[in-house]
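Undergrad: Shown below is the structure under consideration.
The values are calculated or read from the model by the stated rules, or taken from the named source; none is laboratory data. Just so it is clear, the model here is predicted, and its values are computed rather than measured. Neighbour counts are summed over all protein chains in view; Cβ atoms, including those assigned to glycine, are modelled from backbone coordinates with ideal geometry. Ligands, DNA and RNA are excluded from the accessible area calculation, which covers all protein heavy atoms including side chains. Shrake-Rupley method; radii C 1.70, N 1.55, O 1.52, S 1.80 Å.
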Amino acid sequence: DVDQKPFTSILYGNGPGFKMVNGARENVSTIDYQENNYQAQAAVPLKMETHGGEDVAVFAKGPLAHLLHGVHEQNYIPHVMAYAACIGQNREHCMSFGGTSGLRPVLSSVAALLTVSRLFC
């Protein structure tokens with residue numbers, strides 16, 4: 001309401017989307033936001049953004065799906081993926097006492113998580 005220009009509903013706090021035109025904030029109504037190289041507005045100029053403001057929905061179904069519910073920090077998601085896939089550290093739950101595999105990787109949950117992880121790339 002101060003500069004009488006529209007703005008997008010989700011902005012980056014920082015990143016390459018910071019632009020000044022004639023000493024003022026860029027008018028987003030003149031930008032083609034469907035262009036392949038579109039960069040969302042940012043408040044602070046940096047070469048790369050450090051964090052976006054959007055929530056990312058994560059869905060899981062099947063065994064261990066209970067690990068994903070409600071709101072979680074982004075860094076929680078790869079830990080759940082590794083745990084469900086029986087990879088990395090903390091995979092003891094995948095082995096029975098006899099040394100044989102007691103819990104096989106939960107492929108349905110992992111497939112759902114991998115689909116979501118593609119959103120981050």
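Undergrad: Give just the number: which of (1) in a strand (DSSP E or B); (2) open to solvent by 60 Å² or more (accessible area, probe 1.4 Å) does G13 not satisfy?
TA: With respect to (1) in a strand (DSSP E or B); (2) open to solvent by 60 Å² or more (accessible area, probe 1.4 Å), G13 is out only on (2).
Undergrad: Sticking with this one: Check P63 against each of (1) over 16 Å from Y12 (Cα atoms); (2) open to solvent by 70 Å² or more (accessible area, probe 1.4 Å); (3) out of contact with any helix residue (DSSP H, G or I) (no Cβ under 8 Å at 6 or more places or on another chain) and name the one condition it does not meet.
TA: (3)
Undergrad: Which one of R104, R118 is modelled with pLDDT under 85, in contact with a helix residue (DSSP H, G or I) (Cβ under 9 Å, 6 or more places away or on another chain) and of a type in the set (D, E, K, R)? Talk me through it step by step, then tell me what you get.
TA: Values: R118 fails: in contact with a helix residue (DSSP H, G or I) (Cβ under 9 Å, 6 or more places away or on another chain).
From the options R104, R118, the qualifying one is R104.
Residue-wise test of (1) surrounded by 11 or more Cβ atoms within 10 Å (Cβ to Cβ); (2) over 11 Å from P16 (Cβ atoms).
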position: N37; (1), (2): no, no
position: Q41; (1), (2): yes, no
position: F59; (1), (2): yes, yes
position: H69; (1), (2): no, yes
position: Q74; (1), (2): yes, yes
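For every residue, the table says whether it meets (1) assigned to a helix (DSSP H, G or I); (2) under 18 Å from the mean Cα position of the chain (by Cα).
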{"position": "F7", "(1), (2)": "no, no"}
{"position": "A40", "(1), (2)": "no, yes"}
{"position": "M48", "(1), (2)": "no, yes"}
{"position": "V56", "(1), (2)": "no, yes"}
{"position": "I77", "(1), (2)": "yes, yes"}
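Undergrad: Assess whether L46 counts as being open to solvent by 70 Å² or more (accessible area, probe 1.4 Å), touching a strand residue (DSSP E or B) at 6+ places or on another chain (Cβ under 7 Å), outside the structural domain of G70 (by the TED database) and closer than 29 Å to G70 by Cα. Give the steps one after another, and end with the answer.
TA: On the way: open to solvent by 70 Å² or more (accessible area, probe 1.4 Å): yes; touching a strand residue (DSSP E or B) at 6+ places or on another chain (Cβ under 7 Å): yes; outside the structural domain of G70 (by the TED database): yes; closer than 29 Å to G70 by Cα: no.
No: the conditions fail for L46.
Undergrad: If A84 satisfies every condition in (1) part of a helix (DSSP H, G or I); (2) in the same structural domain as V21 (by the TED database) but one, which is the exception?
TA: Here A84 clears every test but (2).
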